[in-house]
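Each remark here refers to the structure printed beneath this line.
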Amino acid sequence: MKKVLLISANRMKKPYPVYPLGLDYVVGVLNARYETKILDVNELSSLEKLGEQVRSYTPDYIGLSIRNIDNTDTINSKGFLSDYQQLVDVIRRNSQAPLILGGSGYTVFPLEFIHALDADYGIAGEGERFPELLAALEDKTDVTAISGIVTRQSTSVAYRAWDGSMHRTFDPESTHTKYYLSYGGMLNLQTKRGCPFRCSYCTYPHIEGSRMRFFEPKEIARQACELQKAGAKYIFMTDSAFNASYDHSLLVAEAFKNAGVSVPWGGFFAPTDPPDDYYQKLADAGLTHVEFGTESMCDRMLHTLQKPFVASDVFRAHQKALEAGLFIAHYFMLGGPGENEETLQETLNSVDQLEKAVFFFFCGIRIYPHTVLYETAVHEGQISPSQNLIEPVFYRSRFISDVDIVKKVEAHADGRVNWLIGAGESKATRILPRLYEKGHTGPLWEYLI
């Protein structure tokens, strides 16, 4: 049986490391025909250790999962391409196996990454097509006939959302699982793929498609019990917006209660106006943390960003979550098209009215291809159609600079510890590691409220 080594390239640990869920699904489609092993760079002390692991496993194929392109922070911007190049150099020095790129970050820049990293192949879109690619390589048939497959000769990339079965294989005894359990105790779940929203800056519809494909609630609950049994202290839902379907998310909550899931959980939510008792029902099923992708509290800006809600919806969603006893965080993305002093002040004044929450402010919006914001930036001359955006490039409002936005947010925050500007790395770096070392688990931003 041939061997496939799957490497998670993500080395971000701030504010906390994220379990490589996507590779569990890749293992799920490969296990029938291949021996597989997941290697997480986060758990290794050095790149030399990576080389040793690659060399000792002697894989026939290597899959490299790229999740993060950069830290999306205009204040302390850092691209990760050079880190990935170093990693690939170590892999190449220790193995001659074909190198296959994949992951959400790769899917945004498939041609750029395959050339920058000099990889052999890439899989744009979902990783369930991995066995199709390997079968084509072994049968010596045309790999480019497979949706989403990229080669060094590719000049364009086309793929469709995966419509086959999706099966997660979770290994509670793997070293990378034990690493995440020992540092924060967080593992994760996915309840659906695809995002129906059309936010102007977001890549989710490009990566997963716009049609929601749901996992069975009972299967999600079974996986939650599996993570709980493995020792998870907190489960994070990786959906773009857990409540994009109120009906399905309520069925998941009901399945959790029926299955006896007791570990706390959280996820990203759209602050749309919820049904009565929605957040209370989720809280009764173990939900503890709600992270709202709010972006602005100015209706004019929300319209420009193509958000599926208005500011009054945000207040209602916030209040319902608060009444359910949940910890609440709001994420804001400032400096989009049309942002000015007036719209910014409207947002800041409204944030003051959101009680008992943590606020993350990002001042400047990362430009990604395949988004409306990209088209806007091209039209305004901020970028050119041929420009390589793999290194961080941010949209700049024509009416207020990112520097002025930061200054105004900082002045309005007036030292409040629950207002985090940028990625919040300075505060998180000071606080979270100490809490984890003391045995605290979960996202922990609630300690800033």
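Values quoted throughout were computed directly from the atomic coordinates according to the rules given, and no laboratory measurement underlies them. Remember, predicted model here, so these are calculated numbers, not experimental data. Counting neighbours? That spans all protein chains shown, and the Cβs are built from the backbone with ideal geometry, glycine included.
Values for this structure:
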quantity	calculated
Choice from Ser182, Ser56, Ser296 showing the highest fluctuation, given a GNM over the chain with Cα pairs closer than 10 Å	Ser56
Simple label model, 7 Å out from Cα along Cβ direction - Ser386 to Ala158, nm	2.4
The chain: Cys lacking any partner C-beta under 4.7 angstrom	Cys195, Cys225, Cys298, Cys363
Distance between modelled label sites at Gln353 and Gln96, nm, 7 Å Cα→Cβ extension	6.8
Proxy reagent accessibility, fewest Cβ within 10 Å first, across Ile449, Ile75	Ile449, Ile75
Cβ-derived FRET efficiency at R0 51 Å, Asp139 paired with Lys13, nearest 0.05	0.80
Where labels lie 7 Å past Cα in the beta-carbon direction, separation of Thr169 and Phe214 in nm	2.9
Degrees separating the helix 402-413 axis from the principal Cα axis of the chain, which is the longest one	60
Whole-number percent relative contact order across region 184-448, with pairs defined as alpha carbons under 8 Å at least 6 apart	18
Highest to lowest packing among 82-94, 143-155, scored as the average C-beta count within 10 Å	82-94, 143-155
Exceeding the 29 Å Cα-Cα cut-off - candidates Lys78/Lys320; Lys281/Lys356; Lys13/Lys229	Lys78/Lys320
Residues Glu355, Glu35, Glu346, Glu339, sorted so that the one with the fewest Cβ neighbours within 10 Å comes first	Glu355, Glu35, Glu346, Glu339
Per-pair calculated FRET efficiency, R0 = 56 Å: Arg222 and Glu375 via Cβ, rounded to 0.05	0.85
Relative contact order %, region 3-151, counting alpha carbon pairs below 8 Å whose residues are six or more apart	24
For region 201-250, alpha-carbon Rg relative to the globular expectation (2.2 N^0.38 Å, N residues)	1.33
Cut-off under 5 Å, modelled amide H: who pairs with Ser210 long-range	Cys195
Folded to 0 to 90 degrees: helix 47-57 orientation relative to the chain principal axis, Cα	40
About the Cα centre, charge dipole magnitude for the chain (Lys/Arg +1, Asp/Glu -1 at Cβ), debye	840
Cα-only Debye scattering, region 184-448: base-10 log of I(q)/I(0) at q = 0.12, 0.14, 0.17 Å⁻¹	-0.77, -1.04, -1.42
Calculated FRET efficiency for the pair Val417/Thr58, C-beta based, R₀ 45 Å, to 0.05	0.35
Residue order, fewest to most surrounding Cβ atoms within 10 angstrom, among Trp445, Trp162	Trp162, Trp445
Acute angle (nearest 10 degrees) that the helix 130-139 long axis makes with the longest principal axis of the chain, alpha-carbon atoms	20
Percent of alpha-carbon pairs separated by more than 16 Å within region 141-180	60
Cα shape, region 41-146, gyration tensor, a/c 1.5 rule	oblate
Value of Rg to Rh for the chain (Rh from inverse mean 1/r over Cα pairs, i.e. Kirkwood)	0.95
